[in-house]
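Just below is one structure, and these are the notes that go with it.
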Amino acid sequence: MNAPRISVTPPGPKAKAILERDAQVLSPSYARDYGFVMDHGKGAEVWDVDGNRYIDFSAGIAVNSTGHSHPEIVKAIQTQAEKFIHISSDYYHDLMVRVAERIDEIAPMKEDVTVFLANSGTESVEAAIKLARYATGRRQFIGFLGAFHGRSMGSLSFTASKARQQERFFPTMPGVWHVPFPDPYRPVFPIPPGGDEGDAVIDYIENVLFPEALPPDEVAAILVEPIQGEGGYIVPPPNFFPRLRKLCDEHGILLIADEVQSGVGRTGKWWAIQHWGVEPDIVCIAKGIASGVPMGAMAARKSVGAKWKPGAHGNTYGGNPIACVSALKTLELIENGYMQNAAEMGAYMLDALAEMQARHPSIGQVRGRGLMIGAEFVKNQKTKEPARALRDRIVHGCFERGLLTLGCGRSTVRFMPALMIGKDLVDEGLEIFERVVMEVEKG
Ligand SMILES: Cc1ncc(COP(=O)(O)O)c(C=O)c1O
């Protein structure tokens with residue numbers, strides 16, 4: 001029999017002491033939803049400094065893809081640390097080449113790719129934006145409302161999921177036009193006969209944006225998350241990506257898939273865009289690729305990526321050997337079972353949540369692919385008015401009972417555990433979740 005998950009109401013005394021010190025010296029810009037103070041983790045479970053044990057449905061925002069401190073990842077890092085920890089991208093080493101070769105093997109395009117190695121999601125997006133401008137000689141871009149692509153000035157110019165992220169930072173990079181993301185639960189445009197919300201958005205770009213406001217031959221690229229992440233775990237309808245690809249081809253526009261959150265096996269395929277059978281020209285990668293060691297990557301079709309001249313773009317840490325060994329081992333583990341597990345556990349979790357939805361009027365919609373699942377809370381099933389305060393109480397309630405979850409969008413709880421999570425922890429986590437939903441619904 002396991003010990004109870006929560007033995008000290010969190011945040012407990014040791015956690016509180018750290019929260020107080022944190023508030024003195026760390027930037028107040030970090031947005032923390034609750035006071036979880038980590039001590040250690042194992043697989044899909046984590047422990048706080050007061051000895052409480054949690055099921056981790058957040059995986060460090062979809063980063064700990066192989067679970068916390070997977071023994072093979074730990075060993076690979078330790079072995080490499082004894083050899084060398086850094087040399088910089090001014091020099092060469094085999095691990096950097098091997099990571100790029102692996103990305104080339106699994107990238108969602110048939111053409112070979114060139115790979116730029118970075119240290120974070122935002123840096124991989126910056127690289128994509130710069131390459132798109134450089135390779136096309138064009139200046140403008142299209143992005144999506146609700147998108148999140150990072151917080152540095154280039155990626156921030158596309159980010160549109162929370163006003164706080166933009167407040168007092170304007171002007172960001174000019175030339176980014178935002179259009180609605182096709183959300184089947186909350187469509188912005190009327191759906192054309194025989195089409196879906198995806199057609200409606202592409203029609204808007206073609207018939208409203210292009211002829212009147214934006215010359216298509218000035219657009220370098222369209223940057224899009226295959227499944228919108230921070231914006232609410234929104235899965236686009238079937239027609240969207242095929243038509244977006246066609247639109248790009250017609251106008252010589254590059255299609256950049258930001259797979260920072262949705263990629264590397266999380267949705268049961270290497271890349272979420274593969275659920276729609278569409279190939280991007282550039283793919284942005286980070287989060288799950290190296291099990292928590294910071295790494296980002298931007299892979300571009302060779303005919304695009306090879307246009308850069310030496311010195312056009314670079315960094316100091318890209319291709320760091322610790323990150324590289326962690327990425328190589330992570331990709332091996334994902335390929336040899338965890339991606340399949342993500343597909344199976346994801347389908348199981350989606351079914352269980354859909355059943356839960358039938359029992360709880362506050363759950364407006366459950367959606368996702370693989371282990372990228374969102375449950376959106378509403379005040380009323382018919383009006384679909386977002387229930388943000390209720391969602392926040394649920395996220396807090398889960399924390400108090402031993403389950404880590406995070407919100408996204410206006411009123412969605414997201415489920416993005418490690419890809420290795422087993423059925424026992426999924427069941428236990430969902431049980432805690434439903435208990436909290438029941439309590440919060442009662443008020
Ligand atoms: C889709 C997407 N792109 C980019 C980023 C930025 O990544 P990072 O926080 O590593 O800069 C994120 C982070 O959440 C993301 O979800």
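Summary table
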quantity: Some residue of segment 44-61 being of a type outside the set (S, T, Y), at pLDDT 95 or above and exposed (fewer than 13 other Cβ atoms within 10 Å of the Cβ); calculated: no
quantity: Segment 276-303 residues that are among the aromatic types (F, W, Y), paired with ones that are buried (at least 24 other Cβ atoms within 10 Å of the Cβ) (beta carbon under 6 Å, 6 or more apart); calculated: W276/F241
quantity: Qualifying residue in segment 98-117 (condition: farther than 25 Å from Q340 by Cα, within 16 Å of the ligand (Cβ to nearest atom), assigned by TED's automatic domain parsing to the domain that holds S152 and touching a helix residue (DSSP H, G or I) at 6+ places or on another chain (Cβ under 8 Å)); calculated: yes
quantity: Flag for L209 being in contact (Cβ under 8 Å) with a residue 60 or more places away in the chain, farther than 24 Å from A300 by Cα and touching a strand residue (DSSP E or B) at 6+ places or on another chain (Cβ under 7 Å); calculated: yes
quantity: Hey, S89 away from the ligand (no atom under 16 Å from the Cβ), surrounded by fewer than 21 Cβ atoms within 10 Å (Cβ to Cβ) and in contact (Cβ under 8 Å) with a residue 40 or more places away in the chain or not; calculated: yes
quantity: Total residues in segment 1-29, condition of a type in the set (G, A, S) and either farther than 21 Å from D392 by Cβ or modelled with pLDDT under 95 (or both); calculated: 5
quantity: Identity of the residue in segment 284-316, surrounded by fewer than 16 Cβ atoms within 10 Å (Cβ to Cβ) and of a type in the set (S, T, Y), that ends up nearest to G150 (Cα to Cα); calculated: T316
quantity: Selection count where residues are more than 14 Å from the ligand (Cβ to nearest atom) and either surrounded by fewer than 24 Cβ atoms within 10 Å (Cβ to Cβ) or modelled with pLDDT under 95 (or both), scope segment 121-168; calculated: 15
quantity: Yes/no for I205 being surrounded by fewer than 22 Cβ atoms within 10 Å (Cβ to Cβ) and either within 27 Å of G305 (Cβ to Cβ) or modelled with pLDDT of 95 or more (or both); calculated: yes
quantity: Test: residue in segment 379-392 that is touching a strand residue (DSSP E or B) at 6+ places or on another chain (Cβ under 9 Å) and of a type in the set (V, I, T); calculated: no
quantity: Subset of segment 253-281 that is within 13 Å of the ligand (Cβ to nearest atom) and of a type in the set (A, V, I, L, M, F, W, C) - its residue that is farthest from Y348 (Cα to Cα); calculated: I256
quantity: Selection status of D50, over 21 Å from the mean Cα position of the chain (by Cα), away from the ligand (no atom under 16 Å from the Cβ) and under 26 Å from A15 (Cβ atoms); calculated: yes
quantity: Unmet criterion (only one of (1) modelled with pLDDT under 95; (2) more than 26 Å from R391 (Cα to Cα)) for R32; calculated: (2)
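Residues checked against (1) within 13 Å of the ligand (Cβ to nearest atom); (2) among the β-branched types (V, I, T); (3) in the same structural domain as G150 (by TED's automatic domain parsing); (4) at negative phi:
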position: I234; (1), (2), (3), (4): yes, yes, yes, yes
position: P242; (1), (2), (3), (4): no, no, yes, yes
position: A290; (1), (2), (3), (4): yes, no, yes, yes
position: A297; (1), (2), (3), (4): yes, no, yes, yes
position: G319; (1), (2), (3), (4): no, no, yes, no
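The values are calculated or read from the model by the stated rules, or taken from the named source; none is laboratory data. It should be emphasised that the depicted structure is a prediction, and the values quoted were computed from it without experimental measurement. FYI the Cβ positions are ideal-geometry reconstructions off the backbone, even for glycines, and counts take in every protein chain you see.
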